Amino acid sequence: MAIRIRRSRFLLFALITAFIFIVNRNRTKPTPKQPGSNLDRRFLGYPDEDDDSGASSEQPFTYPGIMPPGSFPRVVDQRTRWQREGDVPRTTLARHVTGWTVFEGLYAYNGTFYIVTDQPHVVPPIREMISTGGPWSIEMEGQAILEPTDEDMQIISPEMAMEIFGGVANRMPGVSFISNDPPQFMNQYYHFCAEFLLGMWRIYSSLDTRIPPSGDTWLPPPSRLIFPHIGVGEWRDRARMNHVVLRTSFPSISIEHKQDWEDRAKANTAMIFDIAVLTERTAAMRGENFGAHQRVAALTDQLPGNAHWWAPIRTSMLEWAGLERRHSGLIEKAEKPVITYIIRRGIGRALNNLDHRKLVQSLKELEETYGWEVNSLALDSLKNPEAVKLIGRTTILIGVHGKALTSLLWMQPSPSATVIEIFMPNVFSAEYQVPAQMLGIEHYGFWDNRYWRSNSEFKPLLQDQEDEDVVDIPVDGPTLATLCVERIMSPYTLSSDMSPPKENEESQTGEAEAEAAPSDQESEDESAPQEDLVAPQEAFEPIGQVEDQDG
């Protein structure tokens, strides 16, 4: 009996000892190394644990140029120091067009930007990079009121930098977007997204000319957006889209306003930006080609890039809106063509009642004839995600000239992707033509029963848009519907197989003949060559094969 008791006690003791040993061993056992397990050490600036190069664990890595996303310098490494003139970091320009510049090593001190260089002759004129940041008006055109002074920007030598900054500058790591604009235009959906953000991303994305259709770029997102002249909330729009687009595209971005910029100026210490993308509307308006379109973002389209440069922004927005991002990284597309007519009724410019009803009916007939999806609605009747999702599925977007057409930013490029913009006859603005062309979307302007393709030889004169309260804009619905058929079917059907457009009896000015005479309106318009404008009685210009931008 005693032997059994001793044996049981021994077994119990052995089990307890083994249990304690196993628990302690698991506590001290190193976790198996997973792929990328050293990333946290690298991002903190230390070498890999496996690094046998002999480097001390106290010596952090340095990253020239743009630091990888998630890089965090140690507290003591947040300043750049130098002891002699030759060690002062120089400023370089990575990209530049008038009004838009990408700097590496741009300085700011007491509210003034500084370019430190040994070669001032290669730096563009300061007035082509920045102005005073004050509000602009048409009365100021040609005046020197907004011309930059030494308080806005200076080009200095390394020797002068030593005198002004001393031997230290606070480092602003990563990428900084800086808008030197006043709040005058930034609180509008179009100006913020279709000019400022469009231009900023266009010039920044030119650093990566191989962005794929999925938008997967090596470029790190901007760390901060700085508004030296815009106060808190002054850049938000009524539709509440500006902050949605910004936060959805760059979830981790921080925003510094006028008050923050003033605080930094009072610190009496220079700042040096790793990468700074600087823009200002007034400076861009000094561009040599600005008068051709009067759109500041258009100047950036002459930079290197490819057809998918906007994909990172568009993909983020469409995924936020509810469209599925597939394993390939591409956003899902509609299974059949989608035509969306944005109705503007009772607010600002609009079609006259009769032409509005005829256009809705003509588009409805396309839905019944071809089985396409047709939507006729006011975008503001939808919640923001629903509106973005609809536009992301849209093949052809139709609307009267107005801010609702800003949503063309979320259309997915395709051979048939088209924006049809309706104007009061003989009035034209390139506000939406420019972003459409930059994004690879075909744009057509419509004057009643005549229209033109934006990249054709016909160039309408830029004229101030009609008053906001005009509600009797004409449009020939059957002609516009026929253009929709041409745009959807021409990439896949030979033009010789297309039936000629039907004549609209109500738009004819005489009896039906083999060749109808031009209408009085056309003959009176001397600024519009007949061979470049398409009327209902004329054959459509052949539309060639367009490269599928989604590859």
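The set of residues from segment 114-128 being out of contact with any Phe, Trp or Tyr (no Cβ under 7 Å at 6 or more places or on another chain), under 24 Å from His229 (Cα atoms) and buried (at least 17 other Cβ atoms within 10 Å of the Cβ) comprises Ile115, Ile126, Arg127, Glu128. Considering Gly329, Gly371, Gly348, the condition of being loosely packed, with under 14 Cβ neighbours inside 10 Å and either closer than 30 Å to Leu197 by Cα or among the charged types (D, E, K, R) (or both) is satisfied by Gly329 alone. Inspection of segment 198-207 finds a residue satisfying the criterion of being part of a loop (DSSP other than H, G, I, E, B) and in contact with a strand residue (DSSP E or B) (Cβ under 9 Å, 6 or more places away or on another chain).
Consider Gln119 carefully, then state whether it is over 32 Å from the mean Cα position of the chain (by Cα), modelled with pLDDT of 55 or more and among the polar types (S, T, N, Q). For Gln119, the condition - over 32 Å from the mean Cα position of the chain (by Cα), modelled with pLDDT of 55 or more and among the polar types (S, T, N, Q) - is met. If you go through segment 174-188 one residue at a time, do you hit one that is assigned to a helix (DSSP H, G or I), surrounded by fewer than 21 Cβ atoms within 10 Å (Cβ to Cβ), touching a Lys or Arg at 6+ places or on another chain (Cβ under 8 Å) and of a type outside the set (Gly, Ala, Ser)? Yes, segment 174-188 contains a residue that is assigned to a helix (DSSP H, G or I), surrounded by fewer than 21 Cβ atoms within 10 Å (Cβ to Cβ), touching a Lys or Arg at 6+ places or on another chain (Cβ under 8 Å) and of a type outside the set (Gly, Ala, Ser). For Gly322, the test of being modelled with pLDDT under 95 and under 28 Å from the mean Cα position of the chain (by Cα) is failed. Here the condition is being closer than 18 Å to Ala417 by Cβ and not aliphatic (A, V, I, L, M); of Trp320, Trp310, it holds for Trp310 alone.
Residue selection: Glu262 satisfies the criterion of being acidic (Asp, Glu) and modelled with pLDDT of 95 or more.
In segment 214-223, is there at least one residue being among the aliphatic types (A, V, I, L, M), closer than 23 Å to Ala169 by Cβ and in a loop (DSSP other than H, G, I, E, B)? No, segment 214-223 contains no residue that is among the aliphatic types (A, V, I, L, M), closer than 23 Å to Ala169 by Cβ and in a loop (DSSP other than H, G, I, E, B). Only one of the numbered conditions (1) open to solvent by 30 Å² or more (accessible area, probe 1.4 Å); (2) more than 27 Å from His96 (Cβ to Cβ) is violated by Ala307, and that is (2).
Here Pro220 meets each of (1) out of contact with any Phe, Trp or Tyr (no Cβ under 7 Å at 6 or more places or on another chain); (2) touching a residue at least 12 places away in the same chain (Cβ under 8 Å); (3) open to solvent by 50 Å² or more (accessible area, probe 1.4 Å) with one exception, condition (3).
Each residue in segment 224-259 was checked for being among the aliphatic types (A, V, I, L, M), in a loop (DSSP other than H, G, I, E, B) and under 14 Å from the mean Cα position of the chain (by Cα), and 1 of them qualify. Here segment 407-444 is the region considered, the condition is being in contact with an Asp or Glu (Cβ under 6 Å, 6 or more places away or on another chain) and surrounded by 24 or more Cβ atoms within 10 Å (Cβ to Cβ), and the residue that is nearest to Thr482 (Cα to Cα) is Thr418.
Per the conditions (1) farther than 20 Å from Pro173 by Cβ; (2) buried (at least 23 other Cβ atoms within 10 Å of the Cβ), the sole criterion not satisfied by Ile272 is (1).
The values are calculated or read from the model by the stated rules, or taken from the named source; none is laboratory data. Computed from a prediction, not measured in an experiment: that's the story for all the values here. So basically every Cβ, Gly included, is an ideal-geometry build from the backbone, and we count neighbours across all protein chains shown. Ligands, DNA and RNA are stripped out before the accessible areas are found, and what is left, the full protein with its side chains, is counted by its heavy atoms. Shrake-Rupley method; radii C 1.70, N 1.55, O 1.52, S 1.80 Å.
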